[in-house]
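Can you read through this structure? Questions will come right after.
What follows draws every value from the coordinates through simple rules; no lab data is involved. What you see is a predicted model; the values in this text were computed from it and never measured. Note that each Cβ is placed from the backbone with ideal geometry, even for glycine, and that neighbours are counted across all protein chains shown.
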Amino acid sequence: MFLLSPKDKDFIVKELTLSTLSSLICDSEHFVQEQTLALVHNLVDGYVDSANYVIGEDGMVIDAIARQLNNASAPGVCIQGMFVLANIAAGNEMNKEAVMNVLLPHRADRVRPSFVVNFLQSKDKQLRVATLWCLLNLIYPKCEASSGRVVRLQNAGVILQVKSMINDPCLDCKLRVRMVLEHCVDNADDCFM
C-alpha cells in the first residue's frame, strides 16, 4: 500500500471519504478499527497531502483516532493509531501541532494524564516502539517549534517516563529512547531539569 503513487493514495482517500474512515475507525469490532488505522497509516506515510487531508476537513479522522487512543482499546488498535500519528508527525509544523493536540489536549481539568505515558509503560513492545517513533518525529531538532514541544512533553511527564525506559528490555525501544533523549538535549538545555 505505501508504495502507491500520491495520485493513487488521493484516489483511495477520496473514494472512502473522511466520514467512512471515521466511522470505520470507531467501528464496534477491534479488527475493523485496527485494519482501518493500518490503511490510514499507509496512506499518510510520506505523503503530506494525505496527512493534511486526514487532519483537515473539520478534523473528523484525527478526532476519531484520538477517541480510540484515549479509550485505550485493543493493543493492535493503539499500535496502528500511534503509527498513524507518527507518520503525521513526520510532516510539517501544522501536522506536528495536530498530533500534539491529540497527545496533550488543552484541558481545563488536567485530571487525567495523557495516554502517551500509559503507552510508554505498556508491556507491549510494539506499542512502546510506535509511541517512541511518534515522539521522535515530533521533536526532531531541525524543526522550528520542536523545543517548545519538548517542554510541553516534559511538563506532561512524558520525557520523565522516557528517561525511566533507558534500560528497556526491548532493544528497539532502548535505541529509540536514547534517540528521544538526544533530541531533547539538542532542542533544549533545560530538558533534564
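Could you state the number of Å between the C-alpha centres of the range 124-193 and the range 1-34?
Each part's Cα centre sits 29 Å from the other's.
Can you compute the modelled spin-label distance between Val185 and Ala72, with each label point 7 Å from Cα toward Cβ, in nm?
Calculated label separation equals 3.2 nm.
Compute the distance in nm between two label points, each set 7 Å from the Cα along the Cα-to-Cβ direction, one at Cys170 and one at Val151.
Spacing of the two 7 Å Cα→Cβ label points: 3.1 nm.
Taking the highest mean first, how do the peptides 5-16, 167-178 order by number of other beta carbon atoms within 10 angstrom per residue? Could you put the intermediate results ahead of the total?
Details: 5-16: 13.2, 167-178: 15.4.
In decreasing order of mean packing, 5-16, 167-178 become 167-178, 5-16.
Match the structure shown to one of the listed values (1) 24.6; (2) 16.8; (3) 18.8 of Kirkwood radius over Cα pairs in Å, computed from it, and give that label.
Read-out taken from this structure: (2).
With labels modelled as points extended 7 Å from the Cα through the Cβ direction, what inter-label distance (nm, one decimal) is found for Asn92 paired with Ser122?
According to this spin-label approximation, the distance is 3.0 nm.
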